[in-house]
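Would you mind keeping the following structure in view while I ask a few things?
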Amino acid sequence: MIRLRRVYDPPDLAADGVRVLVDRLWPRGLAKAAARVDEWPKEVTPSAELRKWYHAGASWEEFRARYEAELAAPEAEACLARLRALAAAGPVTLVTAVRAPEASHASVLAELLAGPS
C-alpha cells in the first residue's frame with residue numbers, strides 16, 4: 001500500500017509504515033526529528049531543472065512526461081525497485097511539502113510504484 005501525505009502533517013506512525021520524503025530539498029521550517037522520515041531517495045525526485053521549468057508555467061501533461069523520463073534513468077530505477085520492495089513488505093507513505101500531494105510529482109511516483117514493475 002502506498003499513501004501520499006504532507007510532510008508537515010503529524011505522522012501517523014501506526015498507518016504510515018515507511019515514510020519516504022520525495023522532495024529534492026528539505027522542507028522549510030521542519031525539524032528532521034518532527035518529520036520522522038525513514039528514507040530520502042533524491043534519485044526519484046524531480047530534477048532542479050524540471051522543477052524550475054514546471055513552476056515557470058509548463059503544462060501538467062508535459063511535466064508528467066518529462067518526470068517519467070527522469071524516472072527511467074538507471075539510478076532512479078534502482079531506487080524505484082527498492083521502494084517497490086518496501087511497499088511489498090508493508091505500508092509506504094510518500095511525504096512531500098507541496099500543498100496538494102494528489103496533484104503533484106508525488107502522485108506520479110505513487111502510480112509508478114503501484115503499477116507493474
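Across region 78-99, which residue is surrounded by the most Cβ atoms within 10 Å (Cβ to Cβ) among those that are touching a Gly at 6+ places or on another chain (Cβ under 6 Å) and assigned to a loop (DSSP other than H, G, I, E, B)?
91
Additional query: Identify, please: which residue in region 51-71 is aliphatic (A, V, I, L, M) and at pLDDT 95 or above and is, among those, surrounded by the most Cβ atoms within 10 Å (Cβ to Cβ)?
Result: 71.
Restricting to region 21-72, and then to whatever is in contact (Cβ under 8 Å) with a residue 12 or more places away in the chain, farther than 20 Å from residue 99 by Cα and part of a loop (DSSP other than H, G, I, E, B), can you tell me which residue is farthest from the chain's Cα centre (by Cα)?
This residue is 38.
Quickly run through region 27-50 and pick out the residues that are of a type outside the set (Gly, Ala, Ser) and closer than 14 Å to residue 109 by Cβ.
Answer for region 27-50, where residues must be of a type outside the set (Gly, Ala, Ser) and closer than 14 Å to residue 109 by Cβ: 39, 40, 41, 42, 43, 44, 45, 46, 50.
Given the structure, is residue 20 at pLDDT 95 or above and touching an Asp or Glu at 6+ places or on another chain (Cβ under 7 Å)?
Here the answer is yes, as residue 20 does meet what is asked.
Name every residue in region 1-20 that is among the aliphatic types (A, V, I, L, M), over 12 Å from the mean Cα position of the chain (by Cα) and assigned to a loop (DSSP other than H, G, I, E, B), in order of residue number.
Correct list: 1 only.
Of the numbered conditions (1) without any contact (Cβ under 8 Å) to a residue 12 or more places away in the chain; (2) closer than 23 Å to residue 34 by Cβ, residue 91 fails exactly one; give the number of that condition.
With (1) without any contact (Cβ under 8 Å) to a residue 12 or more places away in the chain; (2) closer than 23 Å to residue 34 by Cβ applied to residue 91, the lone miss is (1).
Go over the candidates 111, 102, 75 one by one and state the one that is in contact with a helix residue (DSSP H, G or I) (Cβ under 6 Å, 6 or more places away or on another chain), assigned to a helix (DSSP H, G or I) and either of a type outside the set (A, V, I, L, M) or at pLDDT below 95 (or both).
75
The values are calculated or read from the model by the stated rules, or taken from the named source; none is laboratory data. Being a predicted model, the structure only gives us computed values, none of them experimental. Please note: Cβ atoms are built from the backbone with ideal geometry, for glycine as well, and neighbour counts cover all protein chains shown.
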